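Since the structure comes first, as structure tokens, the remarks are kept for the end.
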Amino acid sequence: MTTAAKWALAVGILVLGLIVAILPRQSTPPPNAPSPDLSAARAVAALAPCPTGTGEIAQLKGVTAECLGDGTTVDLGQALAGHTTLVNVWATWCQPCRTELPVLEAYAAQPGAAKVLAVQTASDPSDGLALLTQLGVHLPVVYDGMGTSGPVSEALKVPPALPASYVVTADGQVRFISNPRTFVNADQVRAAVEGR
């Protein structure tokens, strides 16, 4: 091998090393990595407590998720039983979700509104807490994981396009809301919850 070829090989290896060093790394932590400390972000976000209960909804039986507000585990099959709840699945990267979350907050504040539970999926929990703080949204939120196939998403058969909303009735029926897919005002939310 000539000296020029050796130098070319050395430069090529160095350039390849630099490219590998500056490429973005995958942000998903390994499965057994410790959870980040979210206590400060949780305090600032001041989310409403996640629901609790003792009933059972067949479609959500045994489905658990982390309450984003305090880190406790919520069994959704039990927590949502016995009362009507609007369940909204969202992610921080979803622009329509950012518009819809304040609408859901406004609906939940109305007299006679059904309970609202937000489900953050496919995005980092600290980013979710920051977004909720920025938007002034204090709904109860459960965290369904970084991927698109968390236990809540799997049980509800969430479509790939977010946001996605469901009405869980007091008698345990789960209904996907297809029209409208994204709420723009509280009256639309109320009509969808009431089946109008």
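Each of the peptides 87-98, 170-181 was scored by the mean count of other Cβ atoms within 10 Å over its residues; in descending order, highest first, they stand as 87-98, 170-181. Using the alpha carbons alone, the radius of gyration of segment 71-196 stands to its Kirkwood radius in an Rg to Rh ratio of 0.92. Normalising the average separation of contacting C-alpha pairs (under 8 angstrom, six or more residues apart) by the number of residues puts the relative contact order of segment 149-189 at 26 percent. A simple packing score, the average count of other Cβ atoms within 10 Å per residue, orders the peptides 135-142, 42-49 as 135-142, 42-49, with the highest score first.
Placing R0 at 30 angstrom, the Cβ-Cβ distance between Val44 and Arg196 gives a FRET efficiency of 0.20 after rounding to 0.05.
Solvent-accessible area per residue in segment 70-196 equals 41 Å², computed with a 1.4 angstrom probe and all protein chains kept. Segment Ala161..Gln110, full-extension length gain: 15.6 nm, with 0.36 nm per residue of separation and the alpha-carbon distance subtracted. Its relative contact order, with pairs defined as Cα atoms under 8 Å and 6+ residues apart, puts segment 55-196 at 31 percent.
Using the Cα centre of segment 70-196 as origin and beta-carbon charges of +1 (Lys, Arg) and -1 (Asp, Glu), tell me which of Ser123, Ser178, Ala155 is placed farthest towards the positive end of the dipole. Value: Ser178. Cα centroids of segment 107-143 and segment 150-196: how far apart, whole angstrom? First find each Cα centre; the distance between them is then 15 Å.
For the peptides 65-75, 116-126, the ranking by packing is 116-126, 65-75, with the highest mean count of neighbouring Cβ atoms within 10 Å listed first.
The values are calculated or read from the model by the stated rules, or taken from the named source; none is laboratory data. Model, not experiment: these values are computed from the prediction. Reconstructed Cβ throughout: ideal geometry from the backbone, glycine too, with neighbour counts over all protein chains shown. Only protein heavy atoms, including side chains, enter the accessible area calculation; ligands, DNA and RNA are left aside. Shrake-Rupley method; radii C 1.70, N 1.55, O 1.52, S 1.80 Å.
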